[in-house]
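To start, the structure under review is shown below, and the notes come after it.
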Amino acid sequence: MTDERVAQHVANELLEVPPSSAISLQMSVDHYLEVLRGVLDMFASKRQVDIIYVTSTISFESIKRVMEALDIDTSRVYFVDCISHLMMGASSGEMDEQVTLVESPTMLENVMLKTEYLIRLSEAEEKLVVIDSINSLAIHNNNWILSEFLHILVSGLRARNVLTVILSVEEHSTPEIANMVNLVCDHGIRTDTKEG
Amino acid sequence: MAQTSAERGRCVTGVEGLDTVLYGGIPRSNTVLLTGSCGTGKTSLALEFLIHGAAKGENSLFLSVTEDAEKMLANIIPYNFFDDDFVKSGKLVFIDLPVMYERLGMTKAELTMEEIDLLVTAIVSLAKELDTKRLVIDSITSVCYKLKTSEKIRDFILKLSKSLSALDCTSILVSEVSTQSSTYSTFGVEEAISDGIVLMANMERRGDLLRTLQVIKMRGTMHSRAKYVLDLTPEGVLLVPLLKGGSTRA
C-alpha cells in the first residue's frame, strides 16, 4: 500500500464506525506518519472532532512538531503527555494550554483521570481519544495492569460516546499485546505493506 | 409503608465519582468523617461539596479552624463551577472558628464541659440562623485538641451531630491523621461516632504517589468499599478505580 493510500484507508475505515467504537489500529513503523495524517487530518479535522492524544512514545512537543510538519491542524488536539516528566523535560509543557502532563506512563490511573478531565472540558459534539501507543505503555507496565487499564478506559469512553483509537506497532507487538487490544476493541484496522 | 434506608433522601455531593460510590450521595443529615493525612485532598473535596450545595440553592457553611476565610476563598477560585455570587448572596459562608472561640470567651487551652455545650449551641444556632443544609468543620482534629479527653470529644461530636441532623443538615468533619496511622482519627473516638467514614490517602506504588479515596462506612446506604484514585482538577475531584494489577504486583 502506498503512503497516500494508507492515510486514505485509515480515514475511510474510521468514517464507517459508530462514534462509541474502540478501534485497534495496527501499523508498520514505516506508516506512522501516514496513520497520523489519516486519523488526525483526513478523519478528525474534517469532522470537527476534538482529539485527546495520549502520547507515551515521544513528548508532546516532538509529536506536535511532527503534526505541524505534516500540515495537520493541531488547534483541536489536546495532549496527555506521559513521557516529558520522565525525560525531565516537563517545564515547557506546563506552559502549554494544550498539554496535560502525567508524571510517568506507569501512572495509568492518572492517564484515565487526565483523559476524563479533557473530555469534560471539550465542548465538541464528537471526541476522539488516541492512545499512542500500546507498545510503549507495555515497556513500563505489565500485561495485567495494562489489560485492566484498557478495559476500564475503553468502557468509560464508550459510555460517553467517545471514539477510541489504540495504535500498535506491528514490529514491536507480541501475541499478548495483540490479544489484550483485541479484547477491548470492536474493529481493527491494519496498514499492511501488502495490499489490503 | 415505612421508608427504608434505600429510599432515604440523599445529599448529592456533586462529586460525580463519590456519588456513584455512595449509590446517589450521602444519606441526608448524616455526619461524615472525611479523614486522611496531609496533601490528600480533604479540604478540596469538602469545599467542592459545599460549592455544589450552594449551586443547588442549599445554604452551605464552612467552619475553618486552621486557615482563615480569605485564604480559603483564594483556593476556591480555580474551580470552573465556582461563582462569586455564592459568597455574596450568603449561600456559601465561611466562618473562622477561632473568632467564635474568642467571642465566646474560650481562651483557655482546654474547654470545660460547660464550654463544650456552649460551643455546640453556638454552632447549631449559627447553622439554624443561616438555614444551613451543608456544613464542614475543617478540621475536627483541631477542635478535639481543645477538648483533650475521649469523653469530651465523644460528648461534643454526639451533641453536634444530633443537633445538626435535627436541622436536616448534612455535615462533613475533616479529620487529620498521620501517614502511618492505623486508625481513622487522631483520638480514635471521632470514627466511632460518625455516620460515615471517607478515607483519603497517599498510596505509593513503584515510586509513584497516587491520591486515593475509599468509603469505609456510610450508614443508611449501600456503598462501594473499593479504593479509587483521584485527581484534583478545576472541574472538581475526579475518581477512577485503582488498578488491581498494580497493587498486587508492586
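Longest exposed-loop-site-free stretch of chain A, with GluC sites (Glu not before Pro), DSSP loop and at most 12 other Cβ within 10 Å? Between exposed loop sites, the widest span is A:1-96.
Other residues within the sphere of radius under 10 Å centred on the Cβ of residue B:138, judged by their own Cβ, net out at -1 (K and R +1, D and E -1).
Considering only the other residues whose Cβ falls under 13 Å of the Cβ of residue B:97, what net charge follows from Lys and Arg at +1 and Asp and Glu at -1? Walk me through the numbers on the way to the answer.
On the way: positive: B:103, B:146; negative: B:67, B:68, B:96, B:102, B:138.
Taking every Cβ under 13 Å from that of residue B:97, the sum is -3.
Our compactness index for the stretch B:3-123, the C-alpha radius of gyration over the empirical 2.2 N^0.38 Å, is 1.20. Scanning chain B for long hydrophobic helices, with DSSP H runs required to stretch 15 angstrom or more by C-alpha along their axis and to average at least -1.0 on the Kyte-Doolittle scale, returns B:42-55, B:113-129, B:150-166. Out of every Cα-Cα pair that chain B contains, those further apart than 34 angstrom amount to 13 percent. Take each residue of peptide B:230-241, count the partner chain Cβ atoms within 10 Å of its Cβ, and average: the result is 5.
Given contacts defined as C-alpha pairs under 8 Å and at least six residues apart, what's the relative contact order of the stretch A:3-190, whole-number percent? Intermediate values should be presented prior to the final figure.
Numbers: 322 pairs, mean separation 62.7, N = 188.
Over the stretch A:3-190, the number comes to 33 percent.
With the biggest extent put first, the Cα atoms of the stretch A:38-83 measure 29, 19, 16 Å across the principal axes.
Quick one: among A:88, A:107, A:180, which has the greatest mean-square fluctuation in a GNM of chain A with alpha-carbon springs under 10 angstrom? Looking only at A:88, A:107, A:180, the biggest GNM fluctuation is shown by A:88. Taking the Cα centre of the stretch B:134-250 as reference, the dipole from Cβ charges on Lys and Arg (+1) and Asp and Glu (-1) amounts to some 320 debye. Where a ≥ b ≥ c are the square roots of the eigenvalues of the C-alpha gyration tensor, would you call the stretch A:3-190 rounded, which needs a/c under 1.5, or, failing that, prolate if a/b is larger than b/c, or oblate? It is rounded, given that a/c, with a ≥ b ≥ c, falls under 1.5.
Of the trypsin sites (Lys or Arg not before Pro) found in the stretch A:13-76, no site is in coil according to DSSP while having at most 11 other Cβ atoms within 10 Å of its Cβ.
Of the residues A:44, B:179, A:145, the one whose Cα sits farthest towards the positive end of the charge dipole of the protein assembly as shown is B:179 (charges of +1 on Lys and Arg Cβ, -1 on Asp and Glu Cβ, taken about the Cα centre). Net charge of the neighbourhood of residue A:87, taken over other residues with C-beta under 13 Å away and scored Lys/Arg +1, Asp/Glu -1, is -3. Proximity of backbone amide H atoms, modeled 1.01 Å from N, is registered between residue B:92 and B:60, B:87 at under 5 Å, excluding neighbours fewer than 5 places apart on the same chain. Across the protein assembly as shown, the convex hull enclosing all Cα atoms gives 164 Å³ per residue. Look at the dipole of the protein assembly as shown built from charges on Cβ: of A:63, B:194, A:88, the Cα furthest out on the positive end belongs to B:194. From most to least packed by mean Cβ count within 10 Å, the peptides B:51-57, B:27-33 give B:27-33, B:51-57.
DSSP loop trypsin sites (Lys or Arg not before Pro) in the stretch B:90-138 with at most 14 other Cβ atoms within 10 Å of their Cβ, which ones?
Numbers: sites: B:91, B:103, B:108, B:128, B:133, B:134; in loops: B:91, B:108.
Of the trypsin sites (Lys or Arg not before Pro), the ones in loops of the stretch B:90-138 whose Cβ has at most 14 other Cβ atoms within 10 Å are B:108.
Within a straight-line Cα-Cα reach of under 30 Å, residue B:244 can be paired with the following lysines, leaving aside sequence neighbours fewer than 8 residues apart in one chain: A:114, A:127, B:42, B:217, B:227. Per-residue ellipticity at 222 nm computed for the protein assembly as shown from its helices equals -11000 deg cm²/dmol, with DSSP H segments shorter than 4 residues left out and the rest contributing -39,500 (n - 2.57).
GNM on chain B, alpha-carbon springs under 10 angstrom: the most fluctuating residue among B:232, B:160, B:199 is B:232.
Where a number appears in this text, it was derived from the coordinates with a stated rule and is not lab data. Bear in mind the structure is a predicted one, so any value in this text is a computation, not a measurement. Every residue, glycine among them, receives a Cβ derived from its backbone with ideal geometry; neighbour counts consider all protein chains shown.
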